[in-house]
Amino acid sequence: MAAAVARVAGFIVATAAALTTLSGCAPAEASAVLTVIEGEVGTVDSSGDAVEIESGSTVPSGTTITTAADGFVELAWPDGSVTRLGSDTEFIANSEGTRGELMVGTVWNRLTDEVGDYRVITPEGTVQARAAAFVLKCSADCVALVLDGEVTLDETTIDGPVSAGLATGLTDQVPLPWDAVFASPFAIANSELDEALGFKPASDLYAGADPALASINGTFSGTRTVTSFECNRGDCSENPQVGDVADRSYTFEVDCSSGLPCIGQALTQSQNLDTRETEEDLVPLTFDGTTYSWELLANSGPYCFSGGDGFGNADNLLQWSITATEAAVVGNQFVATAIAGTASGSLVITGEAGEPGCADIGSEWESRSDVAATLDGL
């Protein structure tokens, strides 16, 4: 099932599976073994005194672990689960009978199927999970990106996939794209470490998910086919008519690290109205979790002249709307392999009909085309 995001009483949750409330679980009493993967790490005991804990040693309950900007730490639990702290993170191990308390920063959590109780305290409430893979991030608020398993927040049961919820209910489904998680080097490193421990690769958690959630970064080549054309003014005979097919390529660079809507850019091809040649333009795009959209004002300016003066205005607006239609796991990445959608174009002229030099110049039209392309290099 595809992952999604939800806010419950100030807590944002993303889930790829049904979320259920866990009850009657015994507290986690066992301590974890700390391994410093890289960077600077500080530890303070439950009394507030700085202590030195060697990598590979057991962490006493109540120890506060703080990572620097380059810090990366693993806590390995006796039941086979792992909690990893990213940079600029403060985490109290074994706080109040839980795995720990995340004060600020980012933690990656990967649970074995046998885990009966895995709880983490956050400023927004206690997260409870079983057989899960999820990321917790806390700063001004807390975000959970849940890739797999069952997760709850306090007494709220969330049936995924969901996106946003208030104390009285859940609304506004929002999916969790691959790039919203794995654009982060922290996530990629954790995925590799998990796989080395025998966990299912993170890319497999997306296998079978909606292709719209796949990464679209890369170049796609295909065609555009005109499906409708309407000439509203003048001579439109030089424009591509219904049935016209032209080769097109699109190169995408999308950033979902801040969540939806994602932003990015598209290097897109279109026809120049003056030269009738194919041109490339780099334009901004957005992604709402399902559809990628971008537009280009290809030609804009006066459309008729008299005595050296320009009159009126002609705007050639092009708009694209596409979705990923096929996806696959390629090189441990969940990537889109085919896209499809529409491209629309229009030329609109404004100006007074009686202006000198404008009587017989210019045309107005609207067109629509189907777009289909596949990822290069497959």
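Values in this text are rule-based calculations from the coordinates and carry no lab data. Keep in mind that this is a model prediction, so the values were computed, not measured. Cβ sites come from the backbone with ideal geometry, for glycine too, and all protein chains shown count toward neighbours.
What distance in nm separates the two pseudo spin-label positions at Glu253 and Thr126, each 7 Å out from Cα along the beta-carbon direction?
About 4.7 nm, to one decimal.
Give me the extension gain from Val33 to Ser221: residue separation times 0.36 nm, minus the current Cα-Cα distance, reported in nm with one decimal.
62.7 nm
Please report, in Å, the Rg and the Dmax of region 203-246, where both are computed over Cα atoms only.
Rg, Dmax (Cα atoms, Å): 18.5, 56.
Assigning unit charges at the beta carbon (Lys, Arg +1; Asp, Glu -1) and nothing else, what dipole magnitude in debye, to the nearest 20, does region 32-122 show about its Cα centre?
220 debye
Arrange the peptides 134-144, 48-58, 225-235, 283-293 so that the one whose residues have, on average, the most other Cβ atoms within 10 Å appears first.
So the peptides 134-144, 48-58, 225-235, 283-293, ranked by packing, come out 134-144, 283-293, 225-235, 48-58.
Extension gain Asp204-Val245, at 0.36 nm per residue separation less the Cα-Cα distance, in nm?
Length difference between fully extended and current span is 11.0 nm.
Among Glu101, Glu253, Glu90, which comes first, second and so on when ranked by fewest other beta-carbon atoms within 10 Å?
Listed from fewest to most nearby Cβ atoms, that is Glu253, Glu90, Glu101.
Using the beta-carbon distance between Glu52 and Ala372 and R0 = 45 Å, what value does 1/(1 + (r/R0)^6) give for FRET efficiency, to the nearest 0.05?
Result of the calculation: an efficiency of 0.15.
I need the per residue convex hull volume for region 37-141, using only the alpha carbons, in cubic angstrom as a whole number.
Hull volume over Cα atoms, normalised by residue count, gives 95 Å³.
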